[in-house]
Amino acid sequence: MGIVDLKMIIVSLLSVASTYASIYFGVLIDMPLELIGVAIVFPIVFSIGQAFARREAALAELAELKANLIAISLAHRDWPERMRVDDSARIERITSLLYDNVQGVLREGQADYLQNVYEAFSEISKSHEILRRECGVPANEIARINQYLQIAMTNFEKMRNIAVYRTPRSLRAFTRFFLSSFPILFGPYFAFLASTSFPTVGYCIALIYSLVLVGLDNIQEDLENPYDGIGVDDIDFYGESGVAESQPSLGGLGIAPNVSSKRLS
C-alpha cells in the first residue's frame with residue numbers, strides 16, 4: 001500500500017518550510033485546530049468509510065455472481081434427461097470466459113471486455129433453450145435457471161456501477177484543496193507553537209500532522225477502486241493465492257487468472 005509516497009514527502013517539506021518562514025518573518029498565529037478536523041480529517045474519514053462499504057458490497061455481489069454461475073453449470077450437467085456430450089464442457093467454458101471478462105471490465109474498463117461479457121450471457125441464454133428443446137428439461141426448470149442468469153447479470157451490473165460511480169468528486173476536490181493548502185495555512189500556527197516552547201516542537205508537530213493527514217488521504221485513494229489491484233485490501237478475483245487449486249472447479253471458475261480479452265467462438 002502506498003501510504004508513504006512523493007505527495008507525503010512534498011507536504012511534509014512544505015510544512016517545515018512554511019514553519020521556518022513564519023518563524024523567520026515573525027508571523028505567529030494561534031489558529032483553531034478544529035479547522036483541520038472540519039476541512040480535512042472529517043471528509044477523508046467519511047470517504048474511507050464510504051469506500052470500504054463499496055468494497056464490501058462488491059464482495060457480496062461477486063460471491064453471488066460466482067454462486068449463480070456455478071448453479072448454471074450444475075444445471076447443465078445434472079438436469080438434462082438426454083445429455084449431449086459437449087453441453088457440460090461448453091457451459092463451463094462459457095462461464096469461465098465470462099468470469100475472466102468480468103474481471104477485465106471491472107479492472108481495466110475496456111469496451112472489448114464488456115462486449116464479451118454480454119456475448120457470454122447471450123450464449124448462456126441460448127444454452128437454456130437447447131436444454132428445453134433437445135435435452136428434455138421441463139419448462140419450470142428452465143424458468144428457474146433463467147432466474148439464475150438474470151440474478152448473475154444483476155450482480156455484474158451492480159459491480160460495474162461500483163466501479164464507475166465512486167465517492168463524491170466534489171468532496172474529494174474539497175479535501176485535496178485544503179490538504180494542499182494545509183502547509184501554508186498552518187505554518188504560522190506551528191511557528192506559534194515553536195515560539196511558546198522549544199523550536200523543534202513546532203517542526204515536529206508540523207511533520208506529524210503532515211504524515212497523518214496525507215497517510216489518511218492515501219488510504220482513501222487505495223480503497224477508492226476495489227478492483228484495480230493496487231491496494232492490499234482490493235478484491236482478488238481468484239482468491240488469496242491466485243491459483244486454480246484455491247477455487248472450486250465447478251462452473252469453470254477455478255482457472256488461473258487471465259485478464260486478456262477473450263471472445264467466444
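Extension gain for CYS204 to GLU141 (0.36 nm times residue separation, less C-alpha to C-alpha distance): 15.8 nm. With N counted as the residues of region 54-127, its alpha-carbon radius of gyration over 2.2 N^0.38 Å works out to 1.20.
Student exercise: in the chain, how many lysine pairs 8 or more apart or on different chains have Cα atoms under 28 Å apart?
The number of close lysine pairs in the chain is 6.
Based on the mean of other Cβ atoms within 10 Å per residue, sort peptides 88-94, 99-105 so the most packed one is first.
With the highest mean Cβ count within 10 Å placed first, the list reads 99-105, 88-94.
Packing-based ranking of 204-212, 55-63 yields 204-212, 55-63, ordered from highest to lowest mean Cβ neighbour count within 10 Å.
Extension gain, THR154 to ILE230: 0.36 nm times the residue separation minus the Cα-Cα distance gives 24.8 nm. With respect to the chain, whose longest principal axis is taken over its alpha-carbon atoms, helix 169-185 is tilted by about 20°. Shown for region 136-219 is the translational diffusion coefficient from the Stokes-Einstein equation, using the Kirkwood radius over Cα pairs, a temperature of 10 °C and a viscosity of 1.306 mPa s: 90 µm²/s. The fraction of all Cα pairs in region 4-153 landing in successive 5 Å bins from 0 to the largest distance is 2, 8, 12, 13, 12, 8, 7, 6, 5, 5, 5, 5, 5, 3, 3, 2, 1, 0, 0, given as whole percents.
On full extension, the segment bounded by SER195 and ALA60 gains 43.2 nm, given 0.36 nm per residue less the C-alpha separation. Going by alpha carbons, how many degrees (0 to 90, nearest 10) lie between the helix axis of 187-196 and the longest principal axis of the chain? Compared with the principal axis, the helix lies near 50 degrees. With semi-axes defined as the square roots of five times the eigenvalues of the C-alpha gyration tensor, the equivalent ellipsoid of the chain measures 56, 15, 13 Å, largest first.
With distances taken between every two different alpha-carbon atoms, region 109-169 has a Kirkwood hydrodynamic radius of 13.3 Å.
Report Rg/Rh for region 1-92, rounded to two decimals, where Rg is the Cα radius of gyration and Rh the Kirkwood radius.
So for region 1-92, dividing Rg by the Kirkwood Rh gives 1.47.
Angle of helix 111-134 to the longest C-alpha principal axis of the chain, folded into 0 to 90 degrees and rounded to 10: 30°. Taking the Cα centre of region 88-212 as origin and assigning +1 to Lys and Arg Cβ atoms and -1 to Asp and Glu Cβ atoms, the resulting dipole is close to 380 debye. For the chain, the relative contact order is 40 percent, taking Cα pairs closer than 8 Å that sit 6 or more residues apart in sequence and dividing their mean separation by the residue count. As a rough guide to protection, the peptides 138-149, 184-195 ranked by mean Cβ packing within 10 Å, highest first, stand as 184-195, 138-149.
Since every read-out is calculated from the coordinates, none of them should be taken as a lab result. Note that the structure is a prediction, hence the values are computed from the model and not measured. No Cβ is skipped: glycine too gets one built from the backbone with ideal geometry, and neighbour counts run over all protein chains shown.
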